[in-house]
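Only the coordinates and a few stated rules stand behind these numbers; no lab work does. In this text, all values refer to a predicted model and were calculated from it rather than measured experimentally. A quick note on method: Cβ atoms are made from the backbone with ideal geometry, for glycine too, and the neighbour counts reach across all protein chains shown.
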Amino acid sequence: MQAEQTRSTGAEQIAWDLSDLYAGVDDPALEADMQRADADAAALDRDYRGRVASLDPAALAEAVARYEQIVELATKAGVFAHLIWSTDTANPRYGALLQKTTEWSSQLEQKLVFFTLEWINAPDDLAHSRIADPALAHYRHWLEVTRLYQPHMLSEPEEKILAEKAVTGREAWVRFFTELMGSARYTFDGQELTQSAVLAKLYDPDREVRRRAAAALTGGLRRNLPITTFIFNTLAADKASDDRLRRYPTWISSRNLSNEVSDETVEALIQAVTGRYDLVARYYHLKRQILGLDELADYDRYAPLPAAPGFYHWDDARETVLQAYARFHPEVAGIAEQFFTRRWIDAAERPNKQGGAYSASTVPSAHPYVFLNYTGRTRDVMTLAHELGHGVHQYLSREQGMLQAHTPLTTAEMASTFGEMLVFSDLMAKESDPNARLAMLANKIEDSFATIFRQVSMNRFEHALHTARREEGELTSERLSAIWLETQRAMFGDSVRLTDDYGVWWSYVPHFLRTPGYVYAYAFGELLVLALFRLYREQGDGFAPRYLDVLRAGGSDWPEKILAPLGVDLTDPGFWQHGLAELDALVSEAEAIAKGS
C-alpha cells in the first residue's frame, strides 16, 4: 500500500467551472455588468434621492426591486473575483481582479448608501405602514431588519468615507493575511508542506508523525508571528474604532444584530456551553485510556482510534454523502448531485490555494459553489457533507431574491451540520463491528466538540482579545498566546496537556479577522441541529418536507419564526440543553462501547 501522503485522493482534477458567473478574468460580460451596475445606480439616485420615505407602497416596492438588482450585479462580479482568487492567491491577475472589484464595490456602495439611509431614517409610523402593506410583502423582512441599524448609521458623507477607507484598511489587511497563510510553507521531514497538508498529519495514527506535524506548524507560525500579531492588533483596533463611531455598546453587539439574535440569547448559549466543559474532559480522559497513553498532548486530540477508517477516495466520499442525503429526501440528494455533475466544486489541493473550506452562495441568478481542500481523511467526508449542506440551503433559498436569500450566520450553519448528521447516522447504521462503531462515534464526538466547545472557547478568546486591546492598547504576541492558552485550557481541563507551542495557534484562524464574532454561530448551529435531529428521529418522514420549507425561506423572516414549524423555540434560554443532552448521550454511548470491548 502506498504511503498516505502520496496516495491519490481522486480529487486532484476536481476543479469548478465558474462560467455560470463569467468565462474568466477577461470576460467582457464582467466589465459590462460593472458598467451596467454603475449606470443603474446613477438612475436610482436620479429617480429616488430625497423621495424614498415619501414613496407609496407600490412605488417603494419597485424602487427596492431596482436596488436589489444592482446589489446582485455587484455581488456577482465580486464573488467571481473572490472565488477565482481563492484557488491561487499568488496569481497576480487574480489578485488584480479582486482588488479592482473591491475598489469598485466600495464606490458603488457609496452611490447606493443614500437609499438605505433614507429608508432607515423614515418616520416610524410611515415605516410601519409600509412594512405592513401587501405591496411590499415580499421585502417585509429586509425592510424590518434594515431599520434596526438606525441607531448605528452615520450621515451619508461619513458612511461614504468609511466605505472608501475600508478598501485600503480592514479589507486590505484581511487579504494580506489570507495571502500570507496561502503562501506559507511548513517544514516537515525535509518537505515544504502547505498549511492544509501539515494540518492533515495531525490525524495520522502514528504519534510521532503527529508530534512532528505539530512542531512543523508551530515553527511556521512562529516565523510569521510578528506579522500576524501586528495584523490582529490592527484589525482589533479598527473594529474598536468602528464600534465607537457606530455606537455599539460591546465588541459583539454588531455581530448579534447581524445574526438577528438578542444579546441575551447569545449569552445563554455561551453559558450553556461553558457550563458543560466537563463533557470535553470526560471524553478525552476516555480517549487517553483507549489509546493507552499516559497523557494526551495537544497533538493527540485528533488521533484516530485503531479501527477508524483511514482513507476515503473522492468517489467513495461522493457516494457516501449522496446516499445519506437520498435517504433523507430525494430532492436534497438531487440538488447535491448537481454540484458534482455540473462542476460546482473545487476540491483539489494546489500550491497557494486558500486553506479551509466554504460554500459561496453567489447570486440567485446563478447557484452556489463549494470550495474544499480534499485529502481523503474521514473528516474530509464530513466537510464535504457540511459544505454541500450549505450548498443545498443556498440553492433552495435563491427564490427569496438577493436581499433575503441569505440567512444570519447562526441559522446558516443549520443545514451544513444537519448534512453531517445525516452522513454520520447513515454510516453508523451500516456498521456492526463495535470497534469500528466506537471509532466512528469518536470522530463524530470530536467534530461536534470542535463545532460547539472549541468554537465557544474561541469566542472566549475573541472576547478577551477585543477587551484587552481596548483596555490595554497594543498586545504582544506573548499576551495573545497567554489569552489563547487560558481560554483553551478552560475547555480541556486536565484531560489534554496544552504545550506552550500550542499557544501560537491562534495566529492562523481566519474567522477572527474576516468576520469578528462569527465563531459562536457554529455552536449555535450544531446544538440546533442536534435538537432537530432528535425531532427527525421522532417524527420520521413527515419532518423532511417541513425542513425543506425552512431552507427555502432563507432569510425572509426572523429565525425563531422560520424554525417554529419544526417545534423549535430559540427564545427559550433552556433550549440549548436539548442539544447538549444529545451530545452527552453520544459520550455515554462511547463509554459503554469502550467498556464492553
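Computed from the Cβ-Cβ distance with R0 of 25 Å, the FRET efficiency linking Arg342 to Val174 stands at 0.25. Computed over region 358-463, the P(r) curve from all C-alpha pair distances, binned at 10 Å from the origin, holds 14, 38, 32, 15, 2 percent per bin. Using θ = phi - 60° in the Karplus curve 6.51 cos²θ - 1.76 cosθ + 1.60, the 3J(HN,Hα) couplings for region 244-256 round to 5, 4, 9, 6, 7, x, 9, 5, 9, 4, 5, 5, 4 Hz; x is entered for Gly and Pro. Region 441-490 and region 140-196 have Cα centres separated by 20 Å.
With the alpha-carbon atoms of the chain aligned to their principal axes, the span from lowest to highest coordinate is 73, 54, 48 Å, starting with the largest. Note on region 223-318: percent of Cα-Cα distances in each 5 Å bin, starting at 0 and stopping at the bin with the largest distance, equals 2, 9, 10, 9, 10, 12, 15, 16, 10, 4, 1, 0. With the simple model of a label 7 Å out from the Cα in the direction of the Cβ, Ser155 to Asp263 spans 2.8 nm. Working note: Cα atoms of region 18-168, range along each principal axis, descending, whole Å: 53, 30, 26.
Residues Asp433, Asp38, Asp294, Asp380 in ascending order of nearby Cβ atoms (within 10 Å, fewest first): Asp294, Asp433, Asp38, Asp380. Relative to the longest principal axis of the Cα atoms of the chain, helix 453-472 runs at roughly 60 degrees.
Summing Lys, Arg as +1 and Asp, Glu as -1, what charge do residues with Cβ under 13 Å from the Cβ of Ser155 carry, Ser155 excluded? Around Ser155, the charge tally is -2. With K and R counted +1 and D and E -1, the other residues having a Cβ less than 14 Å from that of Glu144 yield a net charge of -1. Here the gap between Asp541 and Asp27, fully extended at 0.36 nm per residue and compared with their Cα-Cα distance, gives a gain of 180.4 nm. Note on Ala65 and Glu589: their simple-model spin labels are 5.0 nm apart, each label 7 Å out from Cα toward Cβ.
Ordering Val423, Ser397, Asn459 by the projection of their Cα atoms onto the charge dipole of region 372-460, which places +1 on the Cβ of Lys and Arg and -1 on the Cβ of Asp and Glu, puts Asn459 at the extreme positive end. Computed from the C-beta positions of Arg246 and Ala43, the FRET efficiency with R₀ = 30 Å rounds to 0.50. Placing one identical point scatterer on every Cα of region 114-225 and ignoring solvent, what is log10 I(q)/I(0) from the Debye formula at q = 0.12, 0.17, 0.21, 0.22 Å⁻¹? Per q value, in the given order, log10 I(q)/I(0) is -0.66, -0.83, -1.08, -1.13.
So how many Å³ per residue does the convex hull of the Cα atoms of region 70-124 work out to?
Taking only Cα atoms, region 70-124 has a hull volume of 77 Å³ per residue.
For the chain, the longest principal axis of the C-alpha atoms and the axis of helix 477-492 are separated by about 70°.
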